[in-house]
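Worksheet for the structure shown next.
Derivation of every value follows stated rules applied to the coordinates shown; laboratory data play no part. Everything numeric in this text was worked out from a predicted model, so none of it was measured. Counting neighbours? That spans all protein chains shown, and the Cβs are built from the backbone with ideal geometry, glycine included.
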Amino acid sequence: MEIEPFALERWFAEVEHDADLMLAESGVRPLSPDRFDTDPEDLGYVIPTAGDPEFRAEVGALHDRSAAETLFTCGTQEANFLAFLATVESHAVVVTPTYGSLSAVPRSLGEVTEVPLAEGWRLDPEAVVGALRPDTDLVVLNNPNNPTGRYHDAAAVRAVYEACADDDTHLLCDEVYRLLAEKPQPPVASLGPYGLSTAGVSKSFGLAGLRFGWLCGPEAVVDAAERWKDYTTIAPPRVGQHVARQALDDRAEILAANRRLAADHRAVVADFLETHGLGWSDPDCGVNAFLEVPDGFDGGEEFCRRLVEAESVVLAPGEAFGHPDHVRVGYGLPREELEEGLARLGSFLERA
Ligand SMILES: Cc1ncc(COP(=O)(O)O)c(C=O)c1O
């Protein structure tokens with residue numbers, strides 16, 4: 001089994017540590033640990049290792065699934081990884097552009113057909129259905145989408161689900177940004193027996209350091225994922241589970257604040273782009289957007305490299321998403337940092 005380098009993570013590893021401002025973080029600014037009880041009383045493994053059954057029942061219920069259909073993981077990343085190991089043997093269809101691991105891991109397990117989003121970064125169910133093959137094991141969506149910030153509409157997702165179900169194929173949707181929507185759509189795991197949802201507390205809640213996520217879906221897939229988990233991380237993080245439970249209990253308040261932040265910051269970025277005449281993906285959920293690289297640069301990577309060298313501000317090159325004519329901005333960071341980052345980006349653009 002071979003795995004391609006995760007281009008986005010490699011880029012961050014190269015530049016993030018020494019840069020002044022991270023304008024490419026894809027989640028909402030971290031919450032302070034002060035607002036939680038961070039003492040789980042003991043630091044043994046979580047037992048049972050699938051995660052606390054009562055808490056799994058609560059998270060499962062949010063997806064119309066039971067505790068047995070819910071597995072707690074180390075972040076959404078592990079939930080996706082285990083779901084791929086559990087399902088992909090021959091062929092997967094992956095809607096792109098998307099978060100790198102959602103195409104790279106299936107590609108290491110089987111063949112992948114990438115289906116690009118249509119004009120306006122729209123999900124085109126017919127294009128997805130057209131890519132299904134008799135040996136397709138899994139279709140992979142990320143909704144709301146990273147890097148575009150587009151929230152594909154519920155009817156299009158349901159049409160993809162129905163086609164998958166007719167075809168005996170699972171549909172996995174990475175929904176790590178879903179709870180940042182003012183009106184979250186039904187999770188894909190709730191659409192029927194073939195639906196799988198992955199998510200966690202990193203992005204919508206601003207709790208990436210907890211490394212806490214989940215997979216919800218049919219019991220057979222969750223069981224197969226758990227079998228693999230015995231060889232990856234064994235159990236979810238104990239502190240992560242303890243704090244995530246409090247965060248979910250407080251979700252009305254936390255999510256309302258984070259949705260406000262996302263909406264306010266989107267408006268700040270929209271104004272900035274209008275002033276500088278730059279086009280974008282017009283995000284409708286979350287804190288990510290895809291910006292068009294202005295004339296005068298060879299592509300996103302050259303733009304990001306020159307920007308970080310000149311202004312110590314990190315953006316993410318579109319090359320990491322198969323779109324060299326774009327860069328990804330993340331605007332979930334604290335307001336002063338966003339304003340400072342945009343001011344420096346503005347100076348850079350004026351000199352370019
Ligand atoms: C779509 C998507 N899925 C998963 C992850 C990783 O999430 P976690 O920190 O919960 O592992 C990210 C991180 O950027 C992401 O954008």
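Couple of notes before you dig in:
- Index of the failed condition, Glu319 passing every other in (1) within 30 Å of Phe72 (Cα to Cα); (2) under 20 Å from the mean Cα position of the chain (by Cα): (1)
- Residue that is farthest from the ligand (Cβ to nearest atom), among those in segment 185-210 that are aliphatic (A, V, I, L, M) and in contact with a helix residue (DSSP H, G or I) (Cβ under 7 Å, 6 or more places away or on another chain): Leu191
- Hits in segment 215-269 - residues which are more than 23 Å from Asp34 (Cβ to Cβ) and over 22 Å from the mean Cα position of the chain (by Cα): Glu219, Ala220, Asp223, Ala224, Arg227, Asp230, Tyr231, Ile234, Val268
- A Cβ distance below 9 Å, combined with a sequence gap of six or more or placement on separate chains, defines the contacts here; from segment 201-227, residues that are within 18 Å of Ala61 (Cβ to Cβ) reach residues that are within 11 Å of the ligand (Cβ to nearest atom) and among the acidic types (Asp, Glu) in the pairs Gly213/Glu78; Leu215/Glu78.
- In segment 22-61, of all residues being among the aliphatic types (A, V, I, L, M) and more than 16 Å from the ligand (Cβ to nearest atom), the one that is surrounded by the most Cβ atoms within 10 Å (Cβ to Cβ) corresponds to Ala50.
- Only one of the numbered conditions (1) exposed (fewer than 13 other Cβ atoms within 10 Å of the Cβ); (2) within 16 Å of the ligand (Cβ to nearest atom) is violated by Met1, and that is (2).
- Set side by side, the residues Glu54, Glu14, Glu9 differ, and just one is assigned to a helix (DSSP H, G or I), acidic (Asp, Glu) and either on the phi > 0 side of the Ramachandran plot or touching a residue at least 40 places away in the same chain (Cβ under 8 Å) (or both), which is Glu9.
- Taken over segment 197-215, the criterion of being touching a Ser or Thr at 6+ places or on another chain (Cβ under 9 Å) and over 14 Å from Glu78 (Cβ atoms) is satisfied by Ser197, Lys203, Gly209.
- Odd one out for Asp168 among (1) within 16 Å of the ligand (Cβ to nearest atom); (2) assigned to a loop (DSSP other than H, G, I, E, B); (3) more than 12 Å from the chain's Cα centre (by Cα): (1)
- Which numbered condition Cys216 misses (of (1) within 16 Å of the ligand (Cβ to nearest atom); (2) of a type outside the set (A, V, I, L, M); (3) more than 19 Å from Phe55 (Cα to Cα); (4) buried (at least 24 other Cβ atoms within 10 Å of the Cβ)): (3)
- Evaluating Lys203 against the criteria (1) of a type in the set (D, E, K, R); (2) touching a strand residue (DSSP E or B) at 6+ places or on another chain (Cβ under 8 Å); (3) closer than 22 Å to Asn142 by Cβ leaves one unmet condition, (2).
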